[in-house]
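Report on the structure given below.
Only the coordinates and a few stated rules stand behind these numbers; no lab work does. Owing to the predicted nature of the structure, the values given are computational and were not obtained by experimental measurement. Neighbour counts are summed over all protein chains in view; Cβ atoms, including those assigned to glycine, are modelled from backbone coordinates with ideal geometry.
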Amino acid sequence: MSAVPVAERLAAAVAAVSAEPVPSLRACLELARAHEAAGDAAVAVRWAFAATDAGEDLAGWTTAQRIVQRCRAALPAPARRARVAVLGSYTTAQLTALLPLAGLRAGAELEVRETGYGQYRTEVLDPSSALHAFAPEVVVLAVHEGEVALPERTDDPAAAVEAELARWTGLWRQLQERFGARVVQHTIAIPPEVALGHLAARTPGSRYAMLELLNVRLGEAAAAAGVGVVDCERLAGLAGKRAWFDARYLHLAKQAVGLGCVPLLARHTAAVVTGGLGLARKCLVLDLDGTLWGGVLGEVGPHGVAVGGGPVGEAYSAFQRYVLQLKDKGVVLAVCTKNDPADVQEVFEQNTDMLVRLDDLAVVEAGWADKPAALRRIAAGLGIGLDSLVFVDDNPAEREAVRQLTPEVDVVPLPPDPAGYVRALAEYPWFETAALTDDDAARTAQYRARAETAALQAEAGSLEGFLASLDMRATFGDLGPANVARVAQLIGKTNQFNLTTRRRGQAEVEALAADEAWTAQVVRLRDRFADHGVVGVLLARSDGDALDVDTWLLSCRVIGRTLEEEMLRELVARATALGCARITGTYVPSAKNSQVADLYARLGFTRTSGDEDGTTRWELRLPADLPAPGAIARERVADVRGTSAHGMGKVGGRAVDVVQEGVR
């Protein structure tokens, strides 16, 4: 192809995308093809991914997948890799074909394998099966209504539902015990063809009512077992059940999900899988004028912006309510706006119709600099990567500037009518996390405290003086029912301060907790700005005369505060109580944990060996010379003698009671 046609094709594709307020799947694909033809593979991949965000057309997704495969060398190294088995009660070939594409969209390389049609129970039970040879790290149970063993009617619906629930939870346990895998369960999409009609909803013993109850019970059981859930009943309602349940595909190919809905299912399954791998986006960055409120602040003033009162204002209020719901699930909120900072502050403080307040925002970047630069400052101030940000702006030109200059940032396009803003953001799936913990609701406040801490540090005369001014207090506790979900969450997503980046799901963490050969530190930190919640985890296993560190991590919010020195002090105390002669540990390099490559050396360990891939092993002989106590006051360590339901309060089967208070 000559240079002129390629240039013309690219110009036409750019014009087509620019003409659409919300780029269509077709326009995104054409732009991806044009960039590929022009030799810009990296941009081609970005637009191929944008095509998968824009729609659920199966042929379009297949085209996007081919473009990504051809341009694969232009992709950055995936942040995660995982072996994913899809265990289906129906034909899942199309789903398994699209999962790798959806996984790459989130930054994960998923090696996907499907079991034979309806053979999943056999493959789980047979130790010589291909499933066992594959050794999956994640197992997706893709099941449909026809696989559910519930009668059409019964006089004892509760017993029937509990029996069916036990069948699935038993399978979860087998998968967790045999593979140590994280399980993701598809809930049951309920067909709309109901012979009882509307009577089914008021007949508890009907199959329809029992299926609804089964989905509720599956969700409750999954939360307790650390199992991920894809809500197929909700997705079927979103897509339309006439499209989801297409009898032609079921009768011809045992395909229980209409082919036009498979991309939607693949996207949301990948979101739950990658969320469990720690790849959920962390921060929602909002424009203000035309996005969080109607009107231009500089023209209408703080009390003239449209929010509440009237159809237009109500649309913005609905959007603010949804944004606050995201905050409650742990999404950090920030603002990036071209406005005078004083005017912005006045709106949030004085306009009583505003639902989002300044206290809901971790960072406010108000000024006249370009938005890509402002986004870089937001990421730096919060101590997170650009690939943790999601940008929402009603202005197509601003969105395109962010796409081009900060391509790591996800951009959610808004439709022209603000009534569509909630749906546009609700259909963005990459905020999925493995669990909802008490710490999640406080996350924006914790990150705001981090930004305030950064400002304080810039003014401090010395590092020691800065740390002392924070008035930090660390509480060391054991792993138990109250924090196991948060610990699994941290293990799944912490990258920077993580010595081995071993990923363990909640079920695996609980299994370690039940093993008396293991000990754990669960560390909370608070300072004069905020209670940061659980920010540190250290898991170690007794091995002869050594206590071997398996997992050591700190949340990025508290890196640089010398908390690792206090964790070492606690580790030495526990190892000494066990009668250990040494502490051993391993550093396994990853794309993001280079800052802790020298941690063991800094803490006085001796290197004992190393591999070509950069993995190193370390040892600390006991008794050891420890760093002098720093600026962190330590709260009393919980009395661990038999108090932990998970057994992690005991070290090597013996009780340890370590108390160090008021250390400075």
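Details
- Over the residues of the chain, the helix contribution to mean residue ellipticity at 222 nm works out to -13000 deg cm²/dmol, using -39500 (n - 2.57) for each DSSP H run of at least 4.
- Order of 338, 371 under a 10 Å beta carbon neighbour criterion, fewest first: 338, 371
- Residues whose placed amide H lies under 5 Å from that of residue 411, excluding near-sequence neighbours: 391
- Cα centre as origin, Lys/Arg/Asp/Glu Cβ charges: the chain dipole, Debye: 1200
- Ordered by the count of other Cβ atoms within 10 Å of each Cβ, fewest first, 352, 494, 274 give 352, 494, 274.
- In percent, rounded to a whole number, the relative contact order of the chain is 9, using alpha-carbon pairs under 8 Å and six or more apart.
- The chain: C-alpha gyration tensor shape, a/c 1.5 cut-off, then a/b vs b/c: oblate
- For the stretch 538-545, putting each phi into the Karplus relation 6.51 cos²θ - 1.76 cosθ + 1.60 with θ = phi - 60° gives couplings of 9, 10, 9, 10, 5, 9, x, 8 Hz, in residue order, rounded to whole numbers and with x for Gly and Pro.
- Kyte-Doolittle mean at least 1.6 and Cα axial length at least 24 Å: DSSP H helices in the chain: none
- Amide H contacts under 5 Å for residue 140, placed H, 5+ residues apart: 85, 86, 87, 184
- By the count of neighbouring beta-carbon atoms within 10 Å, fewest first, 214, 235, 358 end up ordered 358, 235, 214.
- Amide proton proximity set for residue 530, modelled H, under 5 Å, gap of 5+: none
- The stretch 273-312 and the stretch 314-342 have Cα centres lying 5 Å from one another.
- The stretch 66-125 and the stretch 367-407 have Cα centres separated by 31 Å.
- Filtered GluC sites (Glu not before Pro), the stretch 509-585: DSSP coil and at most 16 other beta carbons within 10 Å: 516
- Inter-centroid distance (Cα atoms) of the stretch 546-610 relative to the stretch 224-243, Å: 42
- Peptide packing: for 379-385, 191-197, the average count of neighbouring Cβ atoms within 10 Å per residue gives the ranking 379-385, 191-197, highest mean first.
- The stretch 350-419 - Kirkwood radius from inverse mean 1/r over Cα pairs (Å): 13.4
- Taking every alpha-carbon pair under 8 Å whose residues sit at least 6 apart, the stretch 76-276 reaches a relative contact order of 24 percent.
- With one equal scatterer per alpha carbon and no solvent term, the Debye-computed log10 I(q)/I(0) for the stretch 283-426 at 0.08, 0.11, 0.12, 0.13 1/Å reads -0.18, -0.35, -0.42, -0.50.
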